[in-house]
């Protein structure tokens, strides 16, 4: 049963207690969650592997905020499917309740039961598109309101649920037709202490927000090499062509068409969605260079000098720059001087945190710190020197150089569409990008 | 009310109350069941609904509310869909414990399955299939038959899955009533989602029957490929997984499948991508066209790499699969080793798998870079990860002959850090390196000997002792070194004792002088008389007899040239690999075990905790370690056998333990 996702799904709190669960096959029981609680959560064994065998069942689990999502199966189920399903369940509930945590689950359990009945049937994932589910799974008061005009609404719902354009409902009307397109890039960097780039790549996504009437057909053009070549000829303006390592698309994009003529065409869902994801490794413009000099003087003193240079155009600026310079556990005190921004020693994370609210382009800033350590005799092992970590956002800048060349909208109604395109490059734990500079 | 901003937001959005269900959990007082019973029978609709919610809340937290069965079922006949769904949910949970009362629900089910509202028709059929009570099942057949031909695709897609449910309860009914034929008809349905669910149901039924239920022929194949482009991402997975079972007639057939499946690699859903890879890999074998296969490998690489930017759990599944895929087609990611470099904040399970893949992709071309990484990892905090990094260096040394020296130099650098567990791990792998490249790198023994006193783990001690014994003639003070270990001979673990025994014999054979002779005497005495371990005693007796009867023969045996080793312990045998590749994306591919190994047909009620951990441990087998002459395989032999052997020895006692080295 390689396409089965789950015999049961459990949402558990961090102590491993059930918040809500639903079984789909007779072999799964409530008590399986106890096995998870005692043998994984209480045994503090959540880091070994997200796929485990317990009590003759296979357990797959993820953690999202203060909730574990757990699925169990008895057979050789599709693990990739199970995990993707769980991730989408968290996204679905987030879209319903605006957040996904223990409290919001408890407060909406009736609705969640309804959703769980709809998203999986006998363990097979069915519909997880929030846009469609919201058509017919709502709060009770809305239900009774629809009941009056039951027939047309429900019939329409079921047709759309299973239809070819399963992600968009009919009859959407906007007074003003608008499309917002955001290019959001997360840069990953791994740099050695000497400044050699060990690894860098950029994962980007195109987030689209559509407020369009009817059933619009959209076509998107980017300045990437393959698309342009297939359109016969290179860019005449002589601008940079981008080589995408890989692209993945939202369900709405016609993949066969992309495969044959590299054309990104689609009927968008209503509202916000992730149209496309891409990955680039060649020719990435790294927005910051970091030069750390860390000297250990004996066992009680460390001298840190960190220089950061922004390499993006002078007209732009980065916001929310946070530099985390790790220091040993036994740090007693740190005296820090910075040329801009604020810095302090954060004992909880064992690092010096330097924050710069606004970092202009083509600028070099520096921090120097004297760190005093409590001398211990027990600490035999040398300090591991974890890497320096950067967090930032650079609006109006793509590290890959990707641009939107055109976005065409066709619709029977022939209306005019207002289009907005923005971009941002970022890194940091919250954004997925990991900007790391090693110190050893 | 514990209403939060969310509640307010929803209230605005849905024009009603919402997000305050928390209060249903709050009642914990005595007589609660009784109170709920009263409320369930209330005439006030609102109160009734609230009561059902309370019952469901109680059920959720694990209270037994089965005694309310008749009262809840009474609420089933309602126009309110939300209430109906809650009652159905209750039925799914408790019908089995109240089979006689469950019959009360049948009428409503049958009525609902004819409701003008397709959502209600589907709901009735979906729920009935989940209630495993014979009496209900009987009544399920007629509605199911109708629903399979319903005009609404939503109902048909639900009915399709219901056939699989029914088959699990009663295969006979499914066959007798012709549901299988109806299900097969649905593969030609105009609606892609119906097709996908029919495929899922048929595939599942096929797995549980010996009959030929679902065989993909040319016609079906065409239907499935056509539906692939249209249906939901989940449906695509069902179809791709079914296609992965299809055996192409010839190269052209295979080609046309690959052509249709390849665009799936660009899908945002990881399960679609992995199932797509599974189909393509299978057809590549049939196509057997080097040019085309090369192009396909090139195409599959980037999507696989992209999976590494997903959630860590998905990364883990992807990495376990990539491990298999590159064993079969190493070119797919040959140039992408960098993407497997560990990030400092990767979860440990991701790091471990990345390391495993880095070892596989390491080559003479990239080894310098890889070694720098491994060295970096060896200074990290997590001890298990550090150890694995050190092992990785050793495995690269063994696999890549021309880079062995570079690897050894890194290991020596790591030994200089004097970090206890790094040193010990390094010594273990260096022993393996010596076995792989005899007589090449022994100059480093001196460095190793400087670290004797830091060794406190049996494996590292045993490795070091093996090295001392094996190279006794080149270590001037081998005698003294062994002496330090021998002082604690009786307290050591069996592993170390066995190595000490063998090493002492080796030392004696290489240097038959007085010191070693005394030592061997003591060791043999202790091993045969003071230690209860039969394996050790046995080995000691074997040596003793050898030495006392024919020292030359002893030399031939103990100092025999050992075959060089290779690191193949991490490679799967080709049959197993093929089987796992046919299961890409599934649990089998994550465990690296065939499905039979962990799927049991019979139900196991409770399994002991010890049995549960098996899954993760079995992969830890390392390079064949110092299997010295009297093979330690005896240790693995059943205990009964060993004691038998001991019995024989006792019946036929050795010559009294006089000096075994006196000329015979």
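Rule-based calculations on the coordinates, nothing more; no lab input. Predicted model only: the values in this text are computed from it and were never measured. All Cβ positions, glycine included, derive from the backbone under ideal geometry; neighbour counts span all protein chains shown.
Data table
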item: Candidates A:262, A:279, A:299, ranked by Gaussian network fluctuation over chain A, Cα under 10 Å, top entry; result: A:299
item: Proxy reagent accessibility, fewest Cβ within 10 Å first, across B:519, A:225; result: A:225, B:519
item: Convex hull volume per residue for chain B, taking Cα atoms only, in Å³; result: 240 Å³
item: Over the protein assembly as shown: Rg over Rh, Cα atoms, Kirkwood Rh; result: 1.01
item: Rounded FRET efficiency, nearest 0.05, which uses the C-beta distance separating residue A:301 from residue B:452 and R0 of 25 Å; result: 0.15
item: Between 0 and 90°, nearest 10: helix B:218-228 axis offset from chain B longest Cα axis; result: 80 degrees
item: Theoretical ellipticity at 222 nm over the protein assembly as shown - DSSP helices of four or more residues, -39500 (n - 2.57) apiece, nearest 500; result: -13500 deg cm²/dmol
item: Paramagnetic label zone (point 7 Å from Cα along Cα-to-C-beta, residue B:491; backbone N under 13 Å) in segment B:447-478; result: B:456
item: Per-residue mean of C-beta atoms belonging to partner chains within 10 Å, peptide A:336-347; result: 0
item: Cβ-based exposure ranking for A:277, A:94, A:315, A:329, in which fewest neighbours within 10 Å come first; result: A:315, A:329, A:94, A:277
item: Cα-based helix-to-principal-axis angle, B:153-169 vs chain B, degrees rounded to 10; result: 60 degrees
item: Segment residue A:384-residue A:364, length gained on full extension (0.36 nm per residue, minus Cα span); result: 4.4 nm
item: Segment B:447-562 - Rg over Rh from alpha carbon coordinates, Kirkwood radius; result: 0.93
item: Value of Rg to Rh for chain A (Rh from inverse mean 1/r over Cα pairs, i.e. Kirkwood); result: 1.02
item: Relative contact order computed over segment B:447-562 (Cα-Cα under 8 Å; 6+ residues apart), in percent; result: 22 percent
item: Likely footprinting exposure, A:338, B:383, fewest C-beta neighbours within 10 Å first; result: B:383, A:338
item: Per-peptide average of other Cβ atoms within 10 Å, ordering A:415-421, B:449-455, A:19-25 highest first; result: A:19-25, B:449-455, A:415-421
item: Amide N of segment A:46-72 lying under 15 Å from the label point, which is placed 7 angstrom from the Cα of residue A:17 along Cα→Cβ; result: A:67-68
item: FRET efficiency, 1/(1 + (r/R0)^6) with R0 56 Å, evaluated for residue B:545 and residue B:173 via beta carbons; result: 0.20
item: Helix B:134-148 axis, angle to chain B major axis (alpha carbon atoms, nearest 10°); result: 70 degrees
item: Calculated P(r) tail over 26 Å for segment B:237-358, as whole % of Cα pairs; result: 20 percent
item: Where labels lie 7 Å past Cα in the beta-carbon direction, separation of residue A:376 and residue B:33 in nm; result: 5.5 nm
item: Test item: B:341-354 mean partner chain Cβ contacts at 10 Å; result: 3
item: Average partner coverage of B:221-232, which counts Cβ from other chains inside 10 Å; result: 2
item: Highest to lowest packing among A:265-276, A:180-191, scored as the average C-beta count within 10 Å; result: A:180-191, A:265-276
item: Distance histogram for segment A:8-128 (every C-alpha pair counted, 10 angstrom bins, percent rounded to whole numbers); result: 13, 51, 33, 3
item: For segment B:22-74, Kirkwood radius (reciprocal of mean inverse C-alpha pair distance, Å); result: 10.9 Å
item: Rounded FRET efficiency, nearest 0.05, which uses the C-beta distance separating residue B:208 from residue B:576 and R0 of 22 Å; result: 0.35
